[in-house]
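Take a look at the structure below.
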Amino acid sequence: MGGSTVWIVLLGIIGLFVVLFFVFVPVGLWVSSLAANVKISIFNMIGMKLRRVKPSLIVMPLIKARKAGLDLGVNQLEAHYLAGGNVDNVVNALIASERAGIELKFEKAAAIDLAGRNVLEAVKMSVNPKVIETTNVSAVAKDGIELLVKARVTVRADLERLVGGAGEATILARIGEGIVTTVGSALSHKEVLENPDDISKRVLSKGLDSGTAFEILSIDIADIDVGRNIGAQLQSLQAEADKNIAQAKAEERRAMAVAREQEMRAYVVEAEAEVPKAMAYALKEGKLGVMDYYELQNLKADTAMRENIRSGVSEKKIMD
């Protein structure tokens, strides 16, 4: 009885060990690698498990690479995986570049992948150039007419400059700047409308792809629309500003004239206030006789009467 119990326990331990072995060790993946003539030891796969590397993410891309004729090692792929790279994407990019006749080494592809760029898309763009389209770029010719220009840019990825090279946004910004400069140097907007290919030639000759991850193959003007008459608007705004300045200066002169008039009236009132004093002094000193005074008063009264008569006649004419 005791011996059978020992055998049962022993068989149980052996069975548990076998189950753990097949769970922990990817035997099926190891058999697949052997069938594909890719020699990876079972202990290497166990080491991957211990390093928390999923063996299938290394073995399957390696099988794919070997079948495509690429000489890649397990350590290369595992190191790239541990660095945070996409092993399968890198292998696919290497296979695509090899089929397209593009020279691309594993180290370069891994660097592009770790830089955050899609290396497979880059290889595809090297084979099949991409067309990117700008938004409407507003540019003003020397005659003041605004033109809205839209361009299509054909670019090809430059694998040597993908790491550290500027992206599509920089290309579009430089194209927009080139369009504004070219249109702005034209004497008339009609020249641009007659020869839109001049924009493409001048912008393309500036080497706008310098320092970017792309090579510009062509720049084509897709559409040109005539916009606002910026020159006329600026002249109108300038005229309005000049008018406001003139009105302000005129108002300033009017205010000064009113102030001057009031000042002179004050002088007149002040002078008139001195007349009675002067007359009293003249009468007192005997320099002015009484009859002379009365004649002066009669003259003032006669003058006032004439003024009143003339004012009445003027009002009557106005009423008639």
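Things to note:
- Fully extending the segment from Ile46 to Asp302 would add 78.6 nm, taking 0.36 nm per residue of separation and subtracting the current Cα-Cα distance.
- Summed side-chain charge close to Val268 - residues other than Val268 whose Cβ falls under 14 Å, Lys, Arg +1, Asp, Glu -1: -3
- If R0 is taken as 35 Å, the Cβ-Cβ distance between Ala83 and Asp158 corresponds to a FRET efficiency of 0.90.
- Here's the list of aspartates and glutamates a cross-link from Lys54 could span, going by alpha-carbon distance under 18 Å and ignoring same-chain residues fewer than 8 apart: Glu78, Asp88.
- Where GluC sites (Glu not before Pro) fall in DSSP loop in the range 78-134, at most 16 other Cβ within 10 Å: Glu103
- Label-point separation in nm, Ser210 to Ile102, each point 7 Å along Cα→Cβ: 2.5 nm
- Projected area averaged over orientations for the range 26-140, convex hull of C-alpha atoms, nm²: 9.4 nm²
- Subtracting the Cα-Cα distance of Met264 and Leu217 from their residue separation scaled by 0.36 nm leaves 8.7 nm.
- Within the shell of other residues whose beta carbon sits under 14 angstrom from the beta carbon of Lys108, the net charge comes to -3, with Lys and Arg scored +1 and Asp and Glu -1.
- Where trypsin sites (Lys or Arg not before Pro) fall in DSSP loop in the range 42-92, at most 14 other Cβ within 10 Å: Arg51, Arg52
- The simple Förster model, with R0 at 56 Å and r as the Cβ-Cβ distance, assigns Lys54 and Ser138 a FRET efficiency of 0.60.
- Under 5 Å, built H, 5+ apart or other chain: amide partners of Ala151: Thr134, Ala222
Only the coordinates and a few stated rules stand behind these numbers; no lab work does. Fair warning: this is a prediction, and the values are worked out from it, not measured in the lab. FYI the Cβ positions are ideal-geometry reconstructions off the backbone, even for glycines, and counts take in every protein chain you see.
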